[in-house]
Each structure stands twice: as structure tokens, then as C-alpha cells.
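**Student:** This structure is in C-alpha cells; I'll ask about it shortly.
The values are calculated or read from the model by the stated rules, or taken from the named source; none is laboratory data. This is a predicted model, so every value here is computed, not measured. Quick reminder, even Gly has a Cβ in these numbers, built from the backbone with ideal geometry, and neighbours come from all protein chains shown.
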Amino acid sequence: MELMKKSLQEMSLYSEQSELVAIKVGNSTVNFAFFKTPQSSEFHLVSFDTREILNCDFANLTSFFSPHKKLDCIVCSVVPVLTEKLSYFRKLFNKMIFINSKTPTGLTLKIRNPESFGVDRLAATVAAYELLKKNIAVVDAGTATTITVVTKEGEILGGAIMPGVGTMNYCLHEKTASLPLVDLEKDAEPLGMDTHSAILSGIVLGTVHAIEGIIGDIERKINLNLEVVITGGYCEILSKYVHKRHLLNKHLVIEGMRLIYLKNIKN
């Protein structure tokens with residue numbers, strides 16, 4: 001509780017100094033990124049456990065935004081109940097944008113059922129595309145590990161979704177009688193010599209091999225070489241073991257949100 005109170009106080013301070021807040025709602029974490037100006041990629045980050053936000057008093061939460069200065073806000077949410085709750089924040093902001101499949105992003109969704117495409121995947125892909133303007137595979141290592149493919153023409157072709165390394169760690173522990181939670185920060189070796197190292201091998205190295213194998217299969221299917229960008233909460237853990245040359249950017253979704261905001265205020 002004290003930790004949350006400190007984070008709320010930081011949020012109040014940063015809202016005084018900022019023109020834009022990007023609210024990224026994930027299954028595990030809710031991030032508030034405060035940009036002094038939307039033109040700058042630098043931000044102050046305040047993070048909460050998603051369960052804390054689900055259970056908190058939203059009237060109390062809004063009180064920690066500066067009453068003296070109205071910000072603009074952009075929201076990227078994959079938790080529908082929180083998307084709805086955040087709509088109560090509208091009175092706090094000059095402009096509030098909720099990203100969905102119809103939001104102008106500069107990219108085209110060339111997939112079936114675009115309305116079901118994850119807005120976090122969309123935002124991360126926008127940032128990766130603006131960075132490279134090439135054929136790209138964006139790997140987002142969060143609660144789920146996702147792969148999203150975008151061409152140099154700005155067309156999102158699809159990708160893959162698998163359980164994230166943290167999710168696999170938790171599920172193995174919860175769904176078995178004897179398997180422990182393991183420290184994912186420890187070095188993973190292919191040949192696990194005990195239960196802990198065997199789980200690390202399966203979760204971490206298994207995910208890396210899945211990522212590299214799927215990207216390789218996609219490259220052969222579409223006959224394109226893909227640049228790889230890795231993002232998300234577990235990106236640094238996986239990056240150590242990925243053989244394919246890649247870029248690392250932990251907060252690609254937040255950068256994509258800022259870029260989407262800039263594209264929309266011009267419309």
C-alpha cells in the first residue's frame with residue numbers, strides 16, 4: 001500500500017510537468033508514461049500492478065492528477081474492464097484517445113478480423129516501423145509473447161501468439177504438485193542439471209527457439225528477410241539468447257502510443 005501511495009504521489013508531480021500522458025494497460029502491469037512534450041520521446045514512468053488498479057477507487061486515483069493543468073491522454077488497453085473504467089478519466093484531459101483497430105496509425109492491417117488485433121501489438125509495430133521502415137518482426141515479450149510482421153510498405157501481415165515466460169513459470173507451478181517458481185533472471189543452460197535449471201531451459205530457451213523458428217518459417221513463407229525488434233517486460237531476459245541480430249527497446253509500445261497521438265492530433 002505504501003508503495004502504491006508513493007507511485008501516486010509521483011504521478012501527481014509528473015502530471016504538473018507534462019503535456020501528454022500515455023496509459024498502457026496490460027494484463028500484468030498498468031503504466032502511466034508522462035511526456036513533458038509529445039515531440040520528445042523521453043518520459044517519466046509510473047507503474048502499478050494491474051490488480052491494484054482493478055481494485056482501487058477510481059475517484060481517488062483521478063485526484064492524483066494535477067488540478068492546475070489539463071493534459072492530453074492516449075490509452076492502449078488490452079483489459080476491457082479497465083478500458084471502460086478509464087473512460088471516467090475524460091473530464092481530466094483536454095483530449096483523450098483510445099487506440100483501436102480504426103485509429104489512424106500510418107499502417108494497414110492486412111489480416112482477418114482486424115478489430116481483434118491487440119492494440120499493444122499495433123502500438124509496438126508503429127514504433128518499430130517508424131524506427132526502421134523495413135520488413136520487420138516485432139517480438140513483444142510480456143504476459144504473452146507475440147510476434148508481429150510488418151512490411152516496408154507499412155502492411156501488418158499477422159504473426160504469432162504464445163504464453164509469455166512469466167505466464168509459463170506461474171502455470172507450471174500452479175498446475176503441478178511439485179514444480180517450483182524459478183528465478184527467470186538466472187542464466188539458462190540447454191541441459192538442465194536439476195529441476196530449477198530444467199524449467200529455465202524449457203521456459204526461456206524454449207521461447208527463444210520458438211521465436212527464431214517461427215520467424216524463420218515466416219520469412220520462408222513470405223520470401224522476405226525480417227529485421228527483428230524485441231520489446232516488453234521480459235525482453236532483456238530473452239535477448240541474451242536470441243542468435244538472430246536484433247534491436248532491443250523495452251518500451252516500444254509506449255513510444256508507439258506517442259507516435260499514434262502525434263498522427264491523430266493532426267487529423
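**Student:** Please state which one of A160, A141, A177, A127 is hydrophobic (A, V, I, L, M, F, W, C) and surrounded by fewer than 16 Cβ atoms within 10 Å (Cβ to Cβ).
**Tutor:** Details: A160 fails: surrounded by fewer than 16 Cβ atoms within 10 Å (Cβ to Cβ); A141 fails: surrounded by fewer than 16 Cβ atoms within 10 Å (Cβ to Cβ); A127 fails: surrounded by fewer than 16 Cβ atoms within 10 Å (Cβ to Cβ).
Step by step, each of A160, A141, A177, A127 is checked, and only A177 is hydrophobic (A, V, I, L, M, F, W, C) and surrounded by fewer than 16 Cβ atoms within 10 Å (Cβ to Cβ).
**Student:** Which residues, counting only those in region 188-231, are assigned to a helix (DSSP H, G or I), within 15 Å of H243 (Cβ to Cβ) and not β-branched (V, I, T)? Steps first, answer last, please.
**Tutor:** Going through region 188-231, the residues assigned to a helix (DSSP H, G or I) turn out to be 195-222.
Among the residues that remain, those that are also within 15 Å of H243 (Cβ to Cβ) are: 204-216, 219.
L205, G206, H209, A210, E212, G213, G216, E219 - these are the residues of region 188-231 that are assigned to a helix (DSSP H, G or I), within 15 Å of H243 (Cβ to Cβ) and not β-branched (V, I, T).
**Student:** Here's something else I'd like to know. Evaluate region 118-131: report whether one residue or more is under 21 Å from H209 (Cβ atoms) and either polar (S, T, N, Q) or modelled with pLDDT of 95 or more (or both). Reasoning before the result, please.
**Tutor:** Of region 118-131, the ones under 21 Å from H209 (Cβ atoms) are none.
The answer is no, given that none of the residues of region 118-131 is under 21 Å from H209 (Cβ atoms) and either polar (S, T, N, Q) or modelled with pLDDT of 95 or more (or both).
**Student:** When the residues of region 211-238 are filtered to those that are under 21 Å from V126 (Cβ atoms) and small (G, A, S), which remaining residue is nearest to the chain's Cα centre (by Cα)?
**Tutor:** The qualifying residue nearest to the chain's Cα centre (by Cα) is G232.
**Student:** Here's a follow-up. Only one residue in K134, K152 is in contact with an Asp or Glu (Cβ under 8 Å, 6 or more places away or on another chain) and part of a loop (DSSP other than H, G, I, E, B), so which one is that? Talk me through it step by step, then tell me what you get.
**Tutor:** Details: K152 fails: in contact with an Asp or Glu (Cβ under 8 Å, 6 or more places away or on another chain).
Testing whether each residue is in contact with an Asp or Glu (Cβ under 8 Å, 6 or more places away or on another chain) and part of a loop (DSSP other than H, G, I, E, B) leaves just K134.
**Student:** Next question, about the same structure. Quick one: L259 ticks every box in (1) in contact with a helix residue (DSSP H, G or I) (Cβ under 6 Å, 6 or more places away or on another chain); (2) aliphatic (A, V, I, L, M); (3) more than 24 Å from L132 (Cα to Cα) bar one, so which box is it?
**Tutor:** Only one criterion in (1) in contact with a helix residue (DSSP H, G or I) (Cβ under 6 Å, 6 or more places away or on another chain); (2) aliphatic (A, V, I, L, M); (3) more than 24 Å from L132 (Cα to Cα) is unmet by L259, namely (3).
**Student:** Sticking with this structure for a sec: Could you check region 198-243 and list, in sequence order, the residues that are of a type in the set (F, W, Y) and more than 15 Å from I161 (Cβ to Cβ)?
**Tutor:** First pass over region 198-243, keeping only residues of a type in the set (F, W, Y): 234, 241.
Passing the criteria: only Y241.
**Student:** How many of the residues making up region 233-253 are in contact with a helix residue (DSSP H, G or I) (Cβ under 8 Å, 6 or more places away or on another chain) and either within 13 Å of P38 (Cα to Cα) or of a type outside the set (S, T, N, Q) (or both)?
**Tutor:** At the first step, the residues of region 233-253 found to be in contact with a helix residue (DSSP H, G or I) (Cβ under 8 Å, 6 or more places away or on another chain) are 233-234, 237-238, 241-244, 246-250, 252-253.
Next cut, either within 13 Å of P38 (Cα to Cα) or of a type outside the set (S, T, N, Q) (or both) only: 233-234, 237-238, 241-244, 246-248, 250, 252-253.
Going through region 233-253 one residue at a time, the tally reaches 14.
**Student:** With respect to R90, determine if the residue is in a helix (DSSP H, G or I), over 22 Å from L8 (Cα atoms) and of a type outside the set (A, V, I, L, M). It would help to see each step written out before you state the result.
**Tutor:** Working: in a helix (DSSP H, G or I): yes; over 22 Å from L8 (Cα atoms): no; of a type outside the set (A, V, I, L, M): yes.
Considered against the rule, which asks whether it is in a helix (DSSP H, G or I), over 22 Å from L8 (Cα atoms) and of a type outside the set (A, V, I, L, M), R90 comes out as no.
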